[in-house]
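The structure appears right after this line, and notes come after that.
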Amino acid sequence: MSDSVLFIQFQGDKQLIEVSVPENPSERNLHRRLTELGILTAPDMLVFIDEAEEHLQRDADRTISGIRHGTRVHISRCRKVRVSVHYLNRTVERDFAPGVRVRSVKTWAVEEFRLDHKDAAEHVLQICEAADRPPTDTPLHVLVHGGCSLCFDLVPEKRIEGCL
């Protein structure tokens with residue numbers, strides 16, 4: 001039986017850790033492997049596969065579906081990340097799984113604000129009260145520091161100022 005390489009990411013950390021696991025592991029076996037490697041160090045840490053809504057159970061014998069070579073595994077203390085997005089004078093909020101990427105949040109926000117395709121293409125998500133514009137493939141939990149919420153502003157990607 002061959003091994004699969006997984007990429008592990010922790011809440012609040014952009015670093016990826018490469019881990020080799022047997023092909024088609026059970027939830028219990030993946031938890032055991034991550035514990036052996038010193039990755040799972042606290043009982044309140046939850047394991048999510050890619051953008052899955054539900055975390056893996058520590059004692060489940062179910063084979064993990066959707067796991068393959070290159071899969072991202074997210075270790076988070078948050079079951080959900082509460083996201084607020086501001087655009088002009090409106091704000092929308094929603095809970096997302098920790099592994100959901102910034103691009104999915106933007107897609108949702110664009111629909112909520114009913115932006116047309118042209119306007120949507122010219123806007124990006126920027127972390128509130130900061131200049132940080134995370135890449136669209138960034139998982140939400142990587143941006144979370146001390147808590148389980150994030151705030152974004154939907155802003156123009158480039159602002160072109162005219163001369164008077």
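Any read-out appearing in this document is the output of simple, stated calculations on the displayed coordinates, not a laboratory observation. In this text the structure is predicted, and so the values were computed from the model without any measurement. Every residue, glycine as well, gets a Cβ built from its backbone with ideal geometry; the counts of neighbours run over all protein chains shown.
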Check: What is the magnitude of the charge dipole of region 85-139 about its Cα centre, with +1 placed on the Cβ of each Lys and Arg, -1 on the Cβ of each Asp and Glu, and no other charges, expressed in debye to the nearest 20?
Finding: 100 debye
Next item on the list: Report the charge-dipole magnitude of the chain in Debye, nearest 20, computed about the Cα centre from +1 at each Lys and Arg Cβ and -1 at each Asp and Glu Cβ.
Entry: 80 debye
Margin query: Need one number: nm distance between label points at D137 and A60, each 7 Å from Cα along Cα→Cβ, rounded to one decimal.
Written below: 2.7 nm
Next item on the list: Measure nothing but the geometry: give the 0 to 90° angle between the long axis through the Cα atoms of 27-36 and the longest principal axis through the Cα atoms of the chain, rounded to 10°.
Entry: 90 degrees
Check: Looking at region 81-156, what % of its DSSP beta bridges pair antiparallel, to the nearest 5?
Finding: 70 percent
Notebook entry, point to check: Angle between the Cα long axis of helix 102-113 and the longest principal axis of the chain, 0 to 90 degrees, nearest 10?
Noted result: 40 degrees
Item checked: For region 81-156, radius of gyration divided by Kirkwood radius, i.e. Rg to Rh on alpha-carbons -> 0.92
Item checked: In Å, descending, principal axis extents of the Cα set of region 2-73 -> 29, 25, 23
Notebook entry, point to check: How large is the helix-only mean residue ellipticity at 222 nm for the chain, computed as the sum of -39500 (n - 2.57) over DSSP H runs with n ≥ 4, divided by its residue count, in deg cm²/dmol to the nearest 500?
Noted result: -5000 deg cm²/dmol
Check: Once the piece of chain linking E112 and T71 is laid out straight, how much longer is it, given 0.36 nm per residue of separation minus the C-alpha distance between them?
Finding: 11.8 nm
Margin query: Below 10 angstrom from the Cβ of L6, what's the summed charge of the other residues (Lys, Arg +1; Asp, Glu -1)?
Written below: +1
Margin query: Which residue fluctuates most in the GNM of the chain (Cα springs below 10 Å): E36, E93, E51?
Written below: E36
Item checked: Choice from F48, F96, F113 showing the highest fluctuation, given a GNM over the chain with Cα pairs closer than 10 Å -> F113
Check: Counting every Cα pair in the chain, what percent are over 24 Å apart?
Finding: 41 percent
Next item on the list: With springs only between Cα atoms under 10 Å apart, run a GNM on the chain and tell me which of K80, K118, K14 wobbles the most.
Entry: K118
Item checked: Cα lying deepest toward the dipole's positive end in region 3-76, options S65, V5, I49, charges on Cβ -> V5
